[in-house]
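Q: Handing you a structure now.
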């Protein structure tokens, strides 16, 4: 029902000349988070991540990502299986995401056949050495920040809202600007700033495609402007609504990857 | 009796035969004829150079003593890039008399860290402190990744838990906690180009806000370096004028007249403005070396005291000012010209050095010296025409009796003099054998100074403030993850740690061992490098998922082909890194492997800099010795006289370096620079003495070879009259530079002491030993012209 009203709302707003008063920053960010992190009931994708240091040297990670929404609660499950680099093949990563509190994460280390639960700060810990934090990969909560709609403009030929978000609690950034597609609701660009208002990181959605009727960012880049490091992520074989079962997202399958989905 | 002697040497003393002499003579006459034009010209040129001064740029970073293209800097920069390292890190030490592990101190550490993170220029993401450093711990099935202190412990149990975390993790001990737990540290890396002194000052401001039992110390290379740079400029600003004032007062006391004092200061100021204006106008930043140029030029300017000295005698003799000026210039032009040439040559040698700031310094002093001489023959005579005669010299004109006795003693007891000098030379050579070539920037600050204290305290308690690296390179990517490579690195660390100067080492092997232990429920038996490469790879992968990626980047390169071993040293001595390199090579020889080991880091830079620049200077010194000898030969048109004139110079240098050796003072950068200076200046006195002696002999027509009494008389005259100029020059020089003995930075004290000693010694040796040598060798020296 929520989706329906939202869709209706989008239809209306897309059809009418918009004034900023029509949507609050909060609502825009809420819609954007839903589209970016929750599209479809489930998702399966092959993800290639390139970590590029300032000298242009590259480390690659190749993984299968499985994602499942648990109803409308906002609870989510992620399963990540690493195919490459060869010496870490079989390493797998499980996330149970709860809105409003820190996620649970487990890792399986095949060389020592150990599953460990990782207790780490989502907001500042790097995801597999990339420029993305855990939070960037699995999403933050709309309540974590206060959002203000600054303006509407065009970005790369797309109509966008520009929203400023400031974290309510402690975070590694002081301010974030988001350029959110007014029709597709995906963030096309994000800029993070530190306390001196110096740019920290920049996210860009470099290629957006529609997959199973869902607008999906197929190529994205996160640049660390302070150390010159960047991470490029390519999504391939994106499928929504493939029928993932909740049981896959468990310690058993962490140790023994579900062959049906991980190939 | 005079004629046969004079004949072979006519062009020496007859002005007009030497074209340069003639030019200078006509310059002097022109200046006497058109003094106002000379003033106007000098004023115009001075204004032109003055206009350049506001463009001043400073560069106080001693790193620039080697060009950015030098091998060591290119290599160090590439290591910094490969391992995402910071060039500069400030270390803040916090010491509590009992233990820093108490609630109040930890709260202060938290708040100070938060304050430091807000400082501009600080690389906040990589500041290491209790509240920012990542700690990976095992808690049952959980792997906990969090800053070491997230919540300040409030009770004994919580403090005990923190204590346990700290001391079970070898990555923390000797880094952020001392073994006696009285000291902790905050490591503050700086962004490229940030000013270390400014950041340190901000940090000190923050620290000043915290009262209590804790003591705070701010140390690290950037602090020492940039503080030194800032102090240096302050000192130059204060000491140059004070030295000038003292010289003014001393000259006034010597001549009881303002005119010579004011003239000499004016000439010195003009030369300084032209020289600094040239350097700045050409776009050279003012560096440690070139900042000393004004004081050096002021010293070199004192050579014109010979003009005033001679003038005071001539004026009394001829009573006509114009004649006295022309006669004075004729008498002193040759020695003054050649002393200028010798000084310029001594510094010109610096132009052949590798280091750009040294070249610039050498070039500027050469220019300044030539300007000074030009002014001696133009501006000084021009000024003298304007001064009423009675104002010029009011002192009683008497040749100095002490100097007469000094010269006479040397002339009468030449063998005793030579014997004493032989003993002194032997002692000096023994002392010189104890000289160690070394450089230590922290030692540039006085014992008891804040920077030196901070360094000592932190070095005593923790792993060390001086950082070197050993880069281990393998032949192919991924090879670092091989167990045998990590074990080799581990062995290297243990080997290096046997050196007393090495406080701590860390490497990727330490991280792997740490993860192995944490994954195995903190079982100490797993504090080892695993046997499988895949296990190591997966541990490092896990590490990159759980900590700041930069922690890993600092110790291993992107393709896992190179590893970086951190070596913390407890001393900034260049010799400390030398011992690390030696130990590294020992290990390589004992355990041959297909791995390349190469030193890097700021400690390595200091080591190379020490070697290259200092030895460069030593080479320059030897070169300058040869050039000065050539100039003497050219000046005297005689190898024999050149060799004799060389003796007081050599003697002075031997005695001073002997004293340096006995005092246990390292041969460091300031001393090496002074060596070149000393050559060009100490030889001045010989040139004056011998030129004027031969002039006197020619004028009086003495047969020096056979008439010993007449030779002695001429020697006594020389010691007393030009000798007075020499002594005045030396005293003036020494007086001005003695100010530096009160400087708060040791290189300035060294420079001051060295110059004071050098001038007094070389003047003394000139007046004492030259007569002795000339008397002893008269048969050899005065062969020409006595064939009849």
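Q: Summarise the partner chain shielding of A:47-58 as one whole number: the mean count of Cβ atoms from other chains within 10 Å of each residue's Cβ.
A: 2
Q: Turning to a different aspect of this structure: If R₀ is 30 angstrom, what is the calculated FRET efficiency for the pair residue B:487 and residue B:165, using the beta carbon separation as r and rounding to 0.05?
A: With a Förster radius of 30 Å, E is 0.65.
Q: How far is helix B:258-281 tilted off the main Cα axis of chain B, in degrees rounded to 10, range 0 to 90?
A: 40 degrees
Q: Taking the simple approach of a point 7 Å from Cα along Cα-to-Cβ for both residue B:204 and residue B:234, what is their distance in nm?
A: Calculated label separation equals 0.7 nm.
Q: If I take R0 = 35 Å and measure r between the Cβ atoms of residue B:453 and residue A:119 in this structure, what FRET efficiency does the formula 1/(1 + (r/R0)^6) give, to the nearest 0.05?
A: Between residue B:453 and residue A:119 the formula returns 0.25.
Q: Now for a separate question. What spacing in nm lies between the two simple spin-label points modelled at residue B:151 and residue B:596, each 7 Å away from Cα in the Cβ direction?
A: 5.2 nm
Q: Work out the mean other chain Cβ neighbour count within 10 Å for the residues of A:106-117 and drop it here as an integer.
A: Shielding by partners across A:106-117 averages 5.
Q: Sort the following peptides by mean Cβ neighbour count (other Cβ atoms within 10 Å, averaged over residues), highest first: B:289-302, B:494-507.
A: B:289-302, B:494-507
Q: Normalise the Cα radius of gyration of the protein assembly as shown by 2.2 N^0.38 Å (N = residues in it) and let me know the number.
A: 1.25
Q: Normalising by the residue count of chain B, find the relative contact order in percent from Cα pairs under 8 Å and 6+ residues apart.
A: RCO, chain B: 20 percent.
Q: What FRET efficiency comes out for the pair residue B:320/residue B:59, r = Cβ-Cβ distance, R0 = 45 Å, nearest 0.05?
A: My answer for the efficiency is 0.30.
Q: Consider just the alpha-carbon atoms of segment B:86-229 and return their Rg together with their Dmax, both in angstrom.
A: For segment B:86-229, the Cα radius of gyration and maximum Cα-Cα distance read 15.3, 54 Å.
Q: Can you tell me which of A:31-44, B:712-725 comes out highest on packing, and rank the rest after it, using the mean Cβ neighbours within 10 Å?
A: Going from most to least packed, we get B:712-725, A:31-44.
Q: Taking the beta-carbon count within 10 Å as an exposure proxy, list B:430, B:308 from fewest neighbours to most.
A: In increasing order of surrounding Cβ atoms, one gets B:430, B:308.
Q: Residue separation times 0.36 nm, minus the C-alpha to C-alpha distance between residue B:48 and residue B:419: what's the value?
A: My answer for the length gained is 128.0 nm.
Q: Another question about this same structure. So for segment B:86-229, averaging the separation of alpha carbon pairs under 8 Å that are six or more residues apart and normalising by length, what relative contact order in percent results?
A: Result for segment B:86-229 is 44 percent.
Q: Which of A:194, A:75 comes first, and how do the rest follow, when ranked by fewest Cβ neighbours within 10 Å?
A: A:75, A:194
Q: Then there is this: Stretch residue B:26-residue B:713 to full length: gain in nm at 0.36 nm per residue minus the Cα-Cα span?
A: 244.0 nm
Q: If you wrap a convex hull around the alpha carbons of segment A:20-255, what volume per residue comes out, as a whole number of Å³?
A: Output value, Cα hull per residue: 129 Å³.
Q: Rounded to the nearest 500 deg cm²/dmol, what is the calculated helix-only ellipticity per residue at 222 nm for chain B, with -39500 (n - 2.57) per DSSP H run of length n ≥ 4?
A: So the helix-based figure for chain B works out to -21000 deg cm²/dmol.
Q: Note down the relative contact order for segment B:625-714 as a percent, whole number, built from C-alpha pairs under 8 angstrom at least six residues apart.
A: RCO, segment B:625-714: 27 percent.
Q: Let me ask something else. Quick check: the angle from helix A:25-38's long axis to the longest principal axis of chain A, C-alpha only, nearest 10 degrees?
A: It is inclined by approximately 30 degrees.
Q: With labels modelled as points extended 7 Å from the Cα through the Cβ direction, what inter-label distance (nm, one decimal) is found for residue B:120 paired with residue A:260?
A: Spacing of the two 7 Å Cα→Cβ label points: 6.0 nm.
Q: Here's something else I'd like to know. Restricting attention to the alpha-carbon atoms of chain B, what are Rg (one decimal) and Dmax (integer), both in Å?
A: Over chain B's Cα set, Rg and Dmax evaluate to 32.8, 113 Å.
Q: In degrees between 0 and 90, to the nearest 10, how far off the longest principal axis of chain B does helix B:483-497 point, with axes built from Cα atoms?
A: Its long axis makes an angle of about 50 degrees.
Q: Another question, if that's okay. If you count, for every residue in B:528-538, the Cβ atoms of partner chains within 10 Å of its Cβ, what is the mean?
A: Mean shielding count: 4.
Q: Please work out how much length the chain gains when fully extended from residue B:401 to residue B:473, using 0.36 nm per residue of separation minus the C-alpha to C-alpha distance, in nm with one decimal.
A: 18.6 nm
Q: In units of 2.2 N^0.38 Å, what is the alpha-carbon radius of gyration of segment B:202-270?
A: 1.93
Since every read-out is calculated from the coordinates, none of them should be taken as a lab result. Owing to the predicted nature of the structure, the values given are computational and were not obtained by experimental measurement. Here the Cβ is made from the backbone with ideal geometry for all residues, glycine too, and neighbour counts use every protein chain on show.
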